[in-house]
Every structure is written in C-alpha cells, then in structure tokens.
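Asks: Below: one structure in structure tokens.
The values are calculated or read from the model by the stated rules, or taken from the named source; none is laboratory data. It should be emphasised that the depicted structure is a prediction, and the values quoted were computed from it without experimental measurement. Here the Cβ is made from the backbone with ideal geometry for all residues, glycine too, and neighbour counts use every protein chain on show. In case anyone asks, the SASA skips ligands and DNA or RNA and just uses the protein heavy atoms, side chains included. Shrake-Rupley method; radii C 1.70, N 1.55, O 1.52, S 1.80 Å.
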Amino acid sequence: MSRGPYVMDMPRPQPAGLPTREQILDFIAKSDVPAGKREIARAFGLQGNEKIALKALLKDMADEGLIDSARGRAFHKMGGIPKVTVLRITDVTDEGVALAVPETWHGENGPPPQLRVKEVRGRKGPALGVGERILARTEEAGKGWIAHPLKKLARGEELMLGVLHREGDKLWLRPVDKREKRDTLVSDAGDADAGDLVLAEKAGRPPRITARVTERLGDPFAPRSFSLVAIHKLGIPDIFPEAVLEEAELVPRLDLGDGREDLRDLPIVAIDPADARDHDDAIWAAPDDDPANPGGFRAIVAIADVSFYVRPGSALDREAKKRGNSVYFPDRVVPMLPEALSADICSLKQGEDRAAMACHLTIKADGTLATWRFTRAVVRLAANIAYEDAQAAIDAASSPQRRPGSREGSELPISGDPGLRWDGALVESALKPLWACWKALFKAREAREPLDLDLPERRVVLDEKGRILSVAPRERLDAHRLVEDYMIAANVAAAKALEAKKAPVMYRDHEPPSREKLVALKEYLATFDMEFALGQVVRPATFNHILGKITDEAIKPQIMEQVLRSQTQAYYAPANTGHFGLALGSYAHFTSPIRRYADLLVHRSLVGAYGLEGGKPKLNGPGKSSDIPARTALTQEEAERMTAIGELISQAERRAMEAERETIDRYVAAFLSTKIGELLDTRITGVQSFGFFATVEGLGGDGLVPVSTLGAERFRYDEAARALEGEESGDRYTSGMKLRLRLVEANPINGSLRFELEEGASHLPMRGGPRRDGKGKSRPMMGRRGRPANIRHKGGRR
C-alpha cells in the first residue's frame, strides 16, 4: 500500500487568499523590518475578513511553536532571535562586558545563544548587573550575536534553588546542586526562614551577588519533597495548562468507530510492575498452525492507541511535545499526558474496552520475524498481572509438584490491588504460550549477542506517608526479559514496516563507541593484563566476550562499569545509524506512547503509511467534534521537522534521566543520614586525582573520599588504570575495589555522601612536622600538585 499524501493540519477554515505557514515563515525571515500582523497583511494584500483569519492563523502558529512574538507586535521564527527583544543579563566578564540571553526562548536546537551587550557611549548610571533586563536591538556579528541596549527594564529573575540557613543575623542560600559549592547571601527572604526550600533570583553585580527569595517551597525534608527539588531545579513542566486539561476531558468521549479490528476475544494480558501507574502494552501468543512455519508462533503486541486521542496540532500534542516524556520518581510521576488519558482512557486495563494499535507478528522457530502488519483495534484485557505474579504462576505450572491447594481455574490475586483477581486458567491460555514463544525470541536474541551488562536498578519503597522503608536493587526475573523481548520485536517491526512504506521514522539510534573511548578502554584493560585490539570490528559481542573471560568476580563489576562508560548515549533522529547495544540495524520506539513522544510520532507515521486514518471525529456526549483536529496521521510539517523534534525530545529524555537519578540519590542520602559514623560495605566506582568515589553495596549513592583524607603521604594518580597509589606505602585504590568505609556525611538536599577510610583518624593528615624521604632528608609533607598535605581543599569534586 502506498503512502498517502501528507496534509497540513489547519485547525481553522481559511480563505483562499490566506498565505500558507511556509509563506509567512519565509516573509518573517526575509523582512528588513519587524514583521507584525499589519506588515504581513500588507505584504500579502489581505483585506477585511482575511485579516481576521490571519490573526487566528498567527495564533495557531504561535501555539504550535512555529513563531513567537515580542510583546505581541513583531513575530519571529521560533528558535531565532527577534530583531528587537527583551534580554536578561546572566553574567559580567572580568572586562566588564555584560552577557545576556533572550528572556523567553523556545528554540529546539539547544540552549539560548549568549549575546554580548555593547556599551552605550555617554550612558549614565550604574553598569548592568546579573539579573537585570533590557530591551535591545540584536544583530548577528560573525559567529556570535551583539545586543544594542534601547532601554533598561524592571529587574527579572535568575532563579536559584536552595535551602536557607542562618549564620548569626544573616540568612544564606545553600544550593541543592552538589556541583555548586558556594552559598549566597540572602538580601530579601520574604516570608521564608531558615530551613525552608526556596526559589530565589540573583541580584546585584559581581562580586556582590545576592539572592532575593521569590517563592517558598516548604520543608525540604518533608515526605515526598525530594522529587520537587529535581522538578524545580531542572525546570520540568509539572502543571498542565487549563486548555490542555479541558481537551483531556473532551477526547475520551471520542467514538472508536466501526473500522477497528476486534481482538476482544483473545486472552491478551499486560505484565507490568506491581506499582505501574500506566499500562501502555499487552501481549498474546499462540503456536502458528501454518505448515509453512513449523515450530513458529503468531503473536500480537497491543499498544495503547494514543495517536487517536492526541492529534497533531492539538493542545494535548503541544504540551506532550514540550514535555517529551513522563518522568518517574519514587513518590510521584510527572506524566507526559494528563491522568484522564495516561491513567485512564489510554491505559490498557482488565475488562475495559480500549483503543489499541496492534502489531501482528509471525515468528519463526528460530525467533526471527517472518512477517508483520499493523492495525487499529479494540482490545479487552483478560488481566493486568504483576511481573512477580506472572513469574510465580509460570514457575508453579512448570514445577513437577504443584503448590499445595493449587488447581486449574483457581483465582489468583493481582499484586498491588487486592480487589482485582485473575483466573488461574490464564496460565494455560495466556502465560504458557507467551513463555513458549519467548523461548524462540530468546534464541534470536542470543544469536544477535546484544550488549549484556548486568546493572541492577534501585527501587525506593515508601510507606503510605511517603517515608522511606527501604532502598534495594530491583529483582530481575524472566518475566521482565520476556516482556522486553516482545517489545523489542514490535519496535523492530515498526521501524522496518515504515521503511518498507518509505514513510518517516523517528529512529532510536545508538552509535558504536568512539575511537577515543576505545583507546581509553584498551589502556584500562591493559592494567589487568587483558588484551583489546583496536583494529578489530567492534560489536556488542566484543564486550560480552571480554566480560565472559573474567574469572575473578571481585574485578568484574569495575570492568563492567568501564565498558558501560565507553558506550555512547542513545538518541532520537530520523536518520538511521542502527542500535549498537541491541545489535539491530533498524530500531524505533513504538511500545510506550503514553510516556514517550517519540513513540507517538511512530504511531502517527504508521497510521499514514497503513491507511488507518478512519473517519471524522465523533463525540459520544456533550462537546463539539469541530474542536478536535480531524487528522491523526503524521503531518507533512511534522515530517519535515523530525530532526529538530528528535533533538528536543532527546534533551527532554536526558533531563528526565538526570532528575530521576538525582532524586534516587537524595532518597539514598536521606536513608543513610541515620547511619552517620557507621562502617558500610562499599565499592569504588570512580577514581580522580582529587580522590575516589564509592557506592554502598546493594544500596547505591555516590560518595567522595577526598585524597587529603588518605594519609600524610603523597598519592600519584594513574589515569590509564584509574587508580590512586601511595608513593611510600604502595596503597592502591582502583575502580571496582571493595572496602569498608565510614560514612561521615549524608546530605539529603543535594544527594551527596562523604566517606573516610575505616581507620578514620589514623589516615588523616598530620598537623605539621617533617617526614623523611628516601635519602633520610627531611622534606615538607606535600599533597597532590605540591600543596601541603595537611590542608583540606574546599570543594571536593572540581
């Protein structure tokens, strides 16, 4: 089936004489004067009602992120700098040159550019300081930008996040970012006091920068507060605009129509974590009765049909694109979509009719994919099953002696919801066929030899009041691997299906390691007398073979850590570079459109490629169907902007990963704050010239042991071996080494830990006094880089 033409999504009817979006963008870019509505209307000869329609079109373009306006007058392309705009001073150089960024920035190609503010001759008054705002005319000069101030405006915000503490009669702001070591004097605390978590703006000029509190966020140690720190620090959108919530209440009433494939008679099940907040995917499998596929299987991976509800150009779509993905914390989730969709109408639930995008797979006996096709379907799940329950059920069914009292058809509870139960007969009709098919998929996985790094995931367990009960590695079961392999198969099928239709694909790219990283790994492995040839074709199996040769389990974690660090970071893009880690030539994310915008784009492309659009939207109940965009397939505009969108959602993904990691670190630090002074079993995770970092075994966290606490002798840093070695004692600290360390500090606000060696004071630097060198002569005790060893250098991680 050939791909149909893409149609621009036009939310409002437009007169024939109205310019297109492309024509307006071209005019704005080429205009020598600020291009407002009047200039655009004049340029295209618009009159009367056409001007009214132009105003509506410009509003749509602004809502869609195509253009922005400077105080509602002059428009400019989103991602560019308007000719006249408001700038905020962010820094002042040693030469006194003010540096500024646009106060509002919606560019999709990275952070806002920095402009050098040109000094105005004869200008009276104080110099511009950090946090001040100016109206300026901008121009591009060479490879940078220059701002010509027109007017100084009221002071804006340069927000900082931190906790207030009191020293004498003054309040200071201690930043939550552990990379920021300096406290800032508070010039205006408002109604906040010591101990409060606050947002503040920078004020003043270097070197006298102060903080003015703008918002009191509350007690940073209160239950469920650690995620709020990350949300505010990283600017994660966590409040839905009213227009988005209104649309989220409207679209669940959309009629599913008559053209969907009916899969409600199949025992399709969803296998998820017991604490899952949304259910994107469900699976079904059965032996293939086709004689042409002996030993093979038929399988269906049913994914929530989010593209039916979240349509291009809608308020829901714009907000989802801005968020990029859902962000998961131990105490909350910041969803990409409002809960009316993410936790209800889009979530695949037991006994409820749901719209789904069905991936039909024919799987050979060796686990490779023979055929695939995609349909829009209606599903009614037979059960939502927790990983642990599915594993326990299949283990019991496979055991020679069944559990006492167990019988076919008995009801089994669902973890996390004692009110729901599923029929034990599903073990025979659903779980056993799924496991049988997975054995074939697993054969294909083993043949590919994807990168196999056994890196445990930490799970924070909270009580009903949000207090920490435990922090422990999350158990990994065959049930997890089963679901993962079905999802990978569907993701591969989606990418290949779109390639066959020559349709746009938002690939999940993972490039091979760079030569620089491989050289560093070779040098590191050489310290263990392990060879690594740089001239070979590097595949994931190359690293698996290295790890497989290790017989000493004590050093395996540290080598695994270095292999991980040698890998590149995966990203989203419309250009295919393959997925190195999974050993796949074509790979896209298709299976989680509730929580990832990339998957939603792949669904839209499949809708267009397979002709699954359906009819006009129809509502069951109150509301206007005309308020809902008719198109659910990928638009031409989206197809042309895939590169920029890929960069945007890749940045959002990295932001989410940082927020989740930092929040877990804060919970770990809070959990350990009651164990100050205790000896803990740790493993060294990284070594630098200023000390080494260690994590608590089975728990996580990342704590520094400063080199200044290792003793009075000088320690040499071996960069290739990632090791610190005492020049006199020969004591050596390397990545992966296990040792007992004393916890001396745990800061829940920034998630930092600090350790000292077990012997404690005996390894602290001596206060003065010479020591003898090899020739019997006295010499001053010197630390790294010739500094006196008895001086503790402030800052730790630099």
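Asks: Here are 639, 633, 656: which of them is farther than 16 Å from residue 752 by Cβ, in contact with a helix residue (DSSP H, G or I) (Cβ under 9 Å, 6 or more places away or on another chain), not acidic (Asp, Glu) and not in a helix (DSSP H, G or I)? Explain how you work it out, then say what you get.
Replies: Working: 639 fails: not in a helix (DSSP H, G or I); 656 fails: not in a helix (DSSP H, G or I).
On inspection, the qualifying residue turns out to be 633.
Asks: Which of the residues that make up the stretch 291-303 are in contact with a helix residue (DSSP H, G or I) (Cβ under 9 Å, 6 or more places away or on another chain) and open to solvent by less than 20 Å² (accessible area, probe 1.4 Å)? Walk me through how you get there before you give the answer.
Replies: Quick first cut of the stretch 291-303, residues in contact with a helix residue (DSSP H, G or I) (Cβ under 9 Å, 6 or more places away or on another chain) only: 295-299, 301, 303.
Of everything in the stretch 291-303, those that are in contact with a helix residue (DSSP H, G or I) (Cβ under 9 Å, 6 or more places away or on another chain) and open to solvent by less than 20 Å² (accessible area, probe 1.4 Å) turn out to be 296, 299, 301, 303.
Asks: Does the stretch 348-363 include one or more residues that are at pLDDT 95 or above, part of a helix (DSSP H, G or I) and crowded, with 23+ Cβ neighbours inside 10 Å?
Replies: No, the stretch 348-363 has no match at all.
Asks: Related question: Pull up the stretch 226-242, narrow it to residues that are more than 17 Å from residue 335 (Cβ to Cβ) and modelled with pLDDT of 85 or more, then point me to the one that is surrounded by the most Cβ atoms within 10 Å (Cβ to Cβ). Step through it out loud before you land on a result.
Replies: Initially, the stretch 226-242 is screened for residues more than 17 Å from residue 335 (Cβ to Cβ), giving 226, 229, 232-233.
Keeping just the survivors that are modelled with pLDDT of 85 or more gives 226, 229.
Working: 226: 29, 229: 25.
Looking at residues that are more than 17 Å from residue 335 (Cβ to Cβ) and modelled with pLDDT of 85 or more, I get 226.
Asks: Is it the case that residue 498 is over 23 Å from residue 443 (Cβ atoms), open to solvent by less than 30 Å² (accessible area, probe 1.4 Å) and under 26 Å from the mean Cα position of the chain (by Cα)?
Replies: Details: over 23 Å from residue 443 (Cβ atoms): yes; open to solvent by less than 30 Å² (accessible area, probe 1.4 Å): yes; under 26 Å from the mean Cα position of the chain (by Cα): yes.
For residue 498, the condition - over 23 Å from residue 443 (Cβ atoms), open to solvent by less than 30 Å² (accessible area, probe 1.4 Å) and under 26 Å from the mean Cα position of the chain (by Cα) - is met.
Asks: Does residue 17 satisfy the condition of being touching a helix residue (DSSP H, G or I) at 6+ places or on another chain (Cβ under 9 Å), open to solvent by 30 Å² or more (accessible area, probe 1.4 Å), assigned to a loop (DSSP other than H, G, I, E, B) and at pLDDT 70 or above? Step through it out loud before you land on a result.
Replies: On the way: touching a helix residue (DSSP H, G or I) at 6+ places or on another chain (Cβ under 9 Å): yes; open to solvent by 30 Å² or more (accessible area, probe 1.4 Å): yes; assigned to a loop (DSSP other than H, G, I, E, B): yes; at pLDDT 70 or above: yes.
The answer is yes for residue 17.
Asks: Could you tell me whether residue 223 is modelled with pLDDT of 80 or more and either open to solvent by less than 70 Å² (accessible area, probe 1.4 Å) or under 30 Å from residue 327 (Cα atoms) (or both)?
Replies: no
Asks: Return a yes/no flag: does the stretch 482-493 have any residue that is surrounded by fewer than 18 Cβ atoms within 10 Å (Cβ to Cβ) and either over 22 Å from the mean Cα position of the chain (by Cα) or among the β-branched types (Val, Ile, Thr) (or both).
Replies: Scanning the stretch 482-493 turns up no residue that is surrounded by fewer than 18 Cβ atoms within 10 Å (Cβ to Cβ) and either over 22 Å from the mean Cα position of the chain (by Cα) or among the β-branched types (Val, Ile, Thr) (or both).
Asks: Quick check: anything in the stretch 535-548 buried (at least 18 other Cβ atoms within 10 Å of the Cβ) and not β-branched (Val, Ile, Thr)?
Replies: Taking every residue of the stretch 535-548 in turn, at least one turns out to be buried (at least 18 other Cβ atoms within 10 Å of the Cβ) and not β-branched (Val, Ile, Thr).
Asks: Any idea how many residues of the stretch 173-194 are touching a strand residue (DSSP E or B) at 6+ places or on another chain (Cβ under 9 Å), open to solvent by 70 Å² or more (accessible area, probe 1.4 Å) and closer than 23 Å to residue 662 by Cα?
Replies: Here the count works out to 4.
Asks: Hey, another quick one. Which of the residues belonging to the stretch 311-328 are closer than 12 Å to residue 597 by Cα and either under 21 Å from the mean Cα position of the chain (by Cα) or not in a loop (DSSP other than H, G, I, E, B) (or both)?
Replies: 316, 317, 318, 319, 320, 321, 322, 323, 324, 325, 326
Asks: Taking the options 278, 288, name whichever one is open to solvent by less than 40 Å² (accessible area, probe 1.4 Å) and modelled with pLDDT under 95.
Replies: The match here is 278.
Asks: Further, regarding this structure: State all residues of the stretch 745-767 that are modelled with pLDDT of 50 or more, crowded, with 18+ Cβ neighbours inside 10 Å and in a loop (DSSP other than H, G, I, E, B); if no residue qualifies, say none.
Replies: 748, 749, 750, 751
Asks: Take the residues in the stretch 629-651 that are at pLDDT below 90 and open to solvent by less than 50 Å² (accessible area, probe 1.4 Å); name whichever of them is farthest from the chain's Cα centre (by Cα).
Replies: Per the stated criteria, the residue is 644.
Asks: Which residues, taken from the stretch 501-529, are aliphatic (A, V, I, L, M) and open to solvent by less than 40 Å² (accessible area, probe 1.4 Å)?
Replies: Step one: of the stretch 501-529, the residues aliphatic (A, V, I, L, M) are 503, 505-506, 518-521, 525-526.
The answer is 503, 505, 506, 518, 520, 521, 525.
Asks: Having 2 or more residues that are at pLDDT 75 or above is the bar; report the strands (runs of 3 or more DSSP E) wholly within the stretch 399-484 that clear it. So that I can check it myself, show each step before the final result.
Replies: Details: elements: 411-414, 417-423, 458-462, 468-473.
Output list reads 458-462, 468-473.
Asks: Shifting gears a bit: Could you tell me whether any residue of the stretch 728-742 is under 25 Å from residue 466 (Cα atoms) and either in a helix (DSSP H, G or I) or of a type outside the set (Ser, Thr, Tyr) (or both)? Explain how you work it out, then say what you get.
Replies: Residues of the stretch 728-742 that are under 25 Å from residue 466 (Cα atoms), as a first pass: none.
Scanning the stretch 728-742 turns up no residue that is under 25 Å from residue 466 (Cα atoms) and either in a helix (DSSP H, G or I) or of a type outside the set (Ser, Thr, Tyr) (or both).
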